[in-house]
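One structure is given below, encoded as structure tokens.
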């Protein structure tokens, strides 16, 4: 019953028959989408048909990720929930602060080169990555981003409840990376990858809803700068913050503290 | 002492070789506990710090979970711990499913135990968790609040409660569940004297009314001793050191317990520390020289000012002199901390002024400490906060001590020397490279004092220095403070711990509107 | 986040009394409409319809302004910025300003007129969100009130240790250290809170009862319906005026 080596045995997905069936159904749905193809409707100066392959991949991968998350045998304990909640709400307050500073910061920078303010976008992903790294349970990153977005909206953020929608999608982006790593990897590389995941989600949202009239070159620059910022600020920054917290011993009751040495 | 032992709900405890080890610790928190507690019995659990008392209470409450294996549990268990024949963990799960709690746990931090924003909601929280039908909830809530004589209605916001009131509210939340075993983990550790007294009365009333079994952990035993009929002492190295009626246990083990840091009635450190300090035959350098003076001082915390509340501290005249101690006494809420912070130059006076004497203010533009730059402040006035964790700024103990002198501009070699000296003096060499947050409470307190002393300030301001400390640390602190006073420092100690003031001697300032000497300094004359 | 029902707020007003989920629905609907198109007619109509409903929300204009100052300032700044430095088009500037105001208003009203405990009750009972997470989040919001006091004490403690002052880089490092210390305090308090909640039976079973049942009434449908109406009417107005332009295309 001794538990000196964390993470080696438990946490590997245990697939029951139901889960295998769900996974198979998801993959099948992806294959179907690919075979049948999407309808010939005009959207985004293009037709949906061109999106067939990416959509099929997304559906298949999405099903896989959900199955992984649900079957990873890591149940949330109460201490995980309270810590995640405190981090998420604190993250929301931090984002409120960023709301206040956002326009003063980005307007002058944006005049130099319009996509340049994307270098600051990492802050929007930081709550999700930090929560995911510290709590290390399926859904932690999503919970962190969503609650932070909700707090941001409730405290009078610039974008109202669109922050909540953004939080959900960005949270999914971060969560996707942790899920693909089977909720077992939380080192600096994993953190950076998770940041990148959130960055991609954020860029897609921003380019779809806010910066639609950028020329293609600037759009690409926006994506690259956003992802870079998220990798550095949210990924590395989040990892450094989590490590500093772990060193203080405050994380001992959590799974992330379990990975520390016995003292 | 009679009580109704016939209450069917009272729970009996049976522990056989029970031990627990936390996942991140090498040492066992508690080990080899063989204990039987009969239903309705009241037990006082004693032991030096680190002997696992809180762990045993958590185990009894069913909160310790070894997990299914690998990553999930909080630690490792050995032996068995049964409540009425059922393992404690199972008992908790069954209780929640069945709507009636077997155990109720009261913790020591009042702030941490208030879960919801309205008093009634907070008490109802436990009932909701135990799936008590909605129609029964509010009558039970109101009965529980009446049972602890809670002074406010159910809709009163919990933000505005004092520490003692919060603990009583938490007690109401616990007894609303009608537990058969009441577990109290140092419930009065963070309360002042009136708060403690009221809590004690309510606990006594609850035990008398329900006849529940009780296991109590406490340090300051005055008053609580009358509540219990049995004392169990946990041995730090495992097992039970003593078990029996209070009189017998204290007679046989009193001295050993006191040496281990327990506050044993009759062995209190205050009594043993010798007579109150009298001025030494040869006066220390600069003796009696005025270091800080407050004139007509009115002060408040910024948060209070923003909320539009009147200042707590008004019209105070006080002097801090070299080689003298000033003790500021008063209950919680009388503004002691505010006064301390304002004297230390950390808060700005609302009215009146704080002026530093010529020695302290030499070379500075302003005699008011609150105008000084942090570098200038750190080498002149040292402040030790109530919670040592608030002052931790470095990642190792040695670096923590070095911060102050480095900021004050002391050359690196001297900084090294000072750090070495203080590590030795404060018995912190063995943790010199540890992260300060991982230290025990006593070690953190010693570290915070060491870090402040490193910059060699003339004035020392201490906010509740003995708060929550065991007897040994209390002794060590008092000895240290006496040494500093004898060396010519000026010491201001803010506390609700009256024996401390008695031992340090010199001037006492009492805050609090009921006291007739409010705001006036009273020099002590003769022996205590 | 606490002190929701303090001065300037009339909790008995029609919309203020509604179930928090209904108020949430208003905010969510309007956000969708505002994000689909950026044009002055849509945004302006939404804002107008919101302002018209304000008397029923129980917030005086002053109280509203006090709570949404960030958005107010940002809206003005964005409008001015667009007019002077952006496209220079006054219509675009008006659209940006109106959009920010229209989208933040419902959130502010929700927070001002809703007790957080009631919001959590509604989310868990009406929307059936997982109650353990919702309640943990509610308990965490209470903790944060404590944390703002801790933040102040941390500042004083650091001044007493000689930190603060010095160049901007030193200040930044001290600030980061202060943030880290606050996070440590926050996590510590969260772990103790978890013990306290567990000691009262939290998290041990999936079934629980509710001391404050949160139910939907017909007036909640009215409030939520009004939110939907604002979203639809604003979009329709934009389409009718020919200025509505789906940002996705």
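Among residues of the range A:218-250 being at pLDDT 85 or above and at the interface with chain B (Cβ under 9 Å from one of its Cβ atoms), the one that is surrounded by the most Cβ atoms within 10 Å (Cβ to Cβ) is A:250.
Summed over the range A:67-105, residues that are within 10 Å of chain C (Cβ to nearest Cβ) and closer than 18 Å to residue A:211 by Cβ total 2.
Counting only strands (runs of 3 or more DSSP E) that fall entirely inside the range B:39-113 and contain at least 3 residues that are surrounded by fewer than 18 Cβ atoms within 10 Å (Cβ to Cβ), the qualifying elements are B:75-83. Elements of the type helices (runs of 4 or more DSSP H) sitting completely within the range C:23-117 and holding at least 3 residues that are over 23 Å from residue C:235 (Cα atoms): these cover C:61-67, C:69-84, C:90-113.
Residue-by-condition table, conditions (1) closer than 15 Å to residue C:155 by Cα; (2) at the interface with chain C (Cβ under 9 Å from one of its Cβ atoms):
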| site | (1), (2) |
| --- | --- |
| B:339 | no, no |
| B:358 | no, no |
| B:374 | yes, yes |
| B:388 | yes, no |
| B:416 | no, no |
| B:421 | no, no |
| B:432 | no, no |
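Filtered by the rule that a residue be buried (at least 18 other Cβ atoms within 10 Å of the Cβ), under 26 Å from the mean Cα position of the chain (by Cα) and not in a helix (DSSP H, G or I), the range B:396-426 gives a lone residue, B:426. Would you call residue A:168 surrounded by fewer than 24 Cβ atoms within 10 Å (Cβ to Cβ) and touching a residue at least 24 places away in the same chain (Cβ under 8 Å)? Criteria met by residue A:168.
Table: residues versus (1) in contact with a strand residue (DSSP E or B) (Cβ under 7 Å, 6 or more places away or on another chain); (2) within 12 Å of chain A (Cβ to nearest Cβ); (3) without any contact (Cβ under 8 Å) to a residue 12 or more places away in the chain.
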| residue | (1), (2), (3) |
| --- | --- |
| C:71 | no, yes, no |
| C:85 | no, yes, yes |
| C:91 | no, no, no |
| C:96 | no, yes, no |
| C:113 | yes, yes, no |
| C:123 | no, yes, no |
| C:128 | no, no, yes |
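Right, residue A:182: touching a helix residue (DSSP H, G or I) at 6+ places or on another chain (Cβ under 7 Å), farther than 25 Å from residue C:135 by Cβ and either within 11 Å of chain C (Cβ to nearest Cβ) or not in a helix (DSSP H, G or I) (or both) or not? Yes, satisfied.
Answer yes or no: is there a residue in the range C:201-222 that is modelled with pLDDT under 85, at the interface with chain B (Cβ under 7 Å from one of its Cβ atoms) and surrounded by fewer than 20 Cβ atoms within 10 Å (Cβ to Cβ). Yes, the range C:201-222 contains at least one residue that is modelled with pLDDT under 85, at the interface with chain B (Cβ under 7 Å from one of its Cβ atoms) and surrounded by fewer than 20 Cβ atoms within 10 Å (Cβ to Cβ). Residues in the range C:10-24: is at least one surrounded by fewer than 24 Cβ atoms within 10 Å (Cβ to Cβ) and within 9 Å of another protein chain (Cβ to nearest Cβ)? Among the residues of the range C:10-24, not one is surrounded by fewer than 24 Cβ atoms within 10 Å (Cβ to Cβ) and within 9 Å of another protein chain (Cβ to nearest Cβ), which makes the answer no.
Table: residues versus (1) under 25 Å from residue A:247 (Cα atoms); (2) surrounded by fewer than 19 Cβ atoms within 10 Å (Cβ to Cβ); (3) at pLDDT 90 or above; (4) under 14 Å from the mean Cα position of the chain (by Cα).
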{"position": "B:442", "(1), (2), (3), (4)": "yes, no, no, yes"}
{"position": "B:459", "(1), (2), (3), (4)": "no, no, yes, no"}
{"position": "B:473", "(1), (2), (3), (4)": "no, no, no, yes"}
{"position": "B:478", "(1), (2), (3), (4)": "no, no, no, no"}
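Identify, from the list B:347, B:376, the residue that is in a loop (DSSP other than H, G, I, E, B) and buried (at least 17 other Cβ atoms within 10 Å of the Cβ).
Answer to the check: B:347.
The set of residues in the range C:149-200 being more than 7 Å from every other protein chain (Cβ to nearest Cβ) and outside any helix (DSSP H, G or I) consists of C:166, C:167.
Going by the conditions given, is residue C:88 out of contact with any helix residue (DSSP H, G or I) (no Cβ under 7 Å at 6 or more places or on another chain) and surrounded by fewer than 21 Cβ atoms within 10 Å (Cβ to Cβ)? Judged against the criteria, residue C:88 is a match. Could you please let me know if residue A:123 is in contact (Cβ under 8 Å) with a residue 60 or more places away in the chain, assigned to a helix (DSSP H, G or I) and within 11 Å of chain C (Cβ to nearest Cβ)? No: the conditions fail for residue A:123.
The values are calculated or read from the model by the stated rules, or taken from the named source; none is laboratory data. Everything numeric in this text was worked out from a predicted model, so none of it was measured. With ideal geometry, Cβ positions are generated from the backbone for all residues, glycine too; neighbour counts draw on all protein chains shown.
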